[in-house]
Amino acid sequence: MKIITTIEEMQSYSSELRANGKSVGFVPTMGALHDGHLSLIRESATNNDITIVSIFVNPTQFAANEDLDKYPRTLERDAELSRANGADIIFAPSADEMYPKSLYVGDGVLDVPFNTACTCSDSGRPMTAPTSCTYVEVHGLTQGLCGKSRPTHFRGVTTVVAKLFNIVQPRRAYFGQKDAQQLAVISKMVADLNIPVEIIPCPIVRESDGLAMSSRNVYLSPAEREQASTLYEALTEAETLIKSGERSAEAVKERLTSILNTANLGIIDYVEIVDFHTLQPIATIKPPTLIALAVKFGNTRLIDNVLI
């Protein structure tokens, strides 16, 4: 398996693959791979000639108070797991490679940190800027759910995914449904910008007690890990209520919240019942409805969802 660390080499290699008629599947990750990621790699390997996995902890999707510095980085382990599950290439660029440190302004050079806010003067010249002042933003879908408590997160996600699509040039890209809002946002970006990549959603992979697999699960203490299973318990109860005929979103939401509140180590970020296409709150449940929630255990924020 080939490991590539520069944009120039990755673009050159991908162009050669396309010229030779090879179909390229792409699995973008931040590493710390678990069975959820591996299921995406296997799906890509089954349906494409070549599977490329990116491993890049993207600094622009982390706010200043989030876990960028402690996010697990296990490249050697991730590369071996990727190879064992069908990946052909790892693209593992550095932050400096993806976001060059210096921003050129006229004849001078402005050195700025990765996550400095981009503020432009009336003249259009940057006053303060991150490494690049070009962002990709999807409005509407990014304001609610996770976007409410992480207002800059999806701008970082869409920007880096757009960059990765341009670098890797895949035919298909694979994303897990656990990050349902991210999946919706990226699908919208691809459609609106006419990016020639087919987005393939893949099912949530869960632990034996139902907890959705996440790279952040390792942060949980034993007591927090035990209580974290209430997320799946609450979603399962919501499905049961709806199957029995309940159509009031408020009633389902109240039941969800009551179950989550039994986990005294968790703090609810949100419990929302939204239209799957618009991600806007609804009063009456009708397909397709997304029930989504986020709960913090200490500094660890867990998300989960179910699609009705």
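Laboratory data are not the source of any read-out in this text; all were calculated from the coordinates shown. Because the structure is a prediction, the values reported are computed rather than measured. Glycine gets a Cβ as well: all are built from the backbone with ideal geometry, and neighbour counts include every protein chain shown.
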Is it the case that I167 is in a helix (DSSP H, G or I), farther than 24 Å from N65 by Cα and within 23 Å of the chain's Cα centre (by Cα)?
yes
If I filter segment 162-180 for residues that are of a type in the set (A, V, I, L, M), crowded, with 19+ Cβ neighbours inside 10 Å and on the phi > 0 side of the Ramachandran plot, do I get at least one hit?
no
Select, from S221, S187, S215, the only residue that is under 19 Å from the mean Cα position of the chain (by Cα) and in contact (Cβ under 8 Å) with a residue 40 or more places away in the chain.
S215
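Conditions (1) surrounded by 19 or more Cβ atoms within 10 Å (Cβ to Cβ); (2) in contact with a strand residue (DSSP E or B) (Cβ under 7 Å, 6 or more places away or on another chain); (3) more than 25 Å from S208 (Cβ to Cβ), marked per residue:
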site	(1), (2), (3)
T6	no, no, yes
G21	no, no, yes
T29	yes, yes, no
H34	no, no, no
L38	yes, no, no
S54	yes, yes, yes
Q61	yes, no, yes
A64	no, no, yes
D67	no, no, yes
For segment 264-288, which residues satisfy the criterion of being closer than 22 Å to S229 by Cα and without any contact (Cβ under 8 Å) to a residue 40 or more places away in the chain?
N264, I267, I268, V271, I273
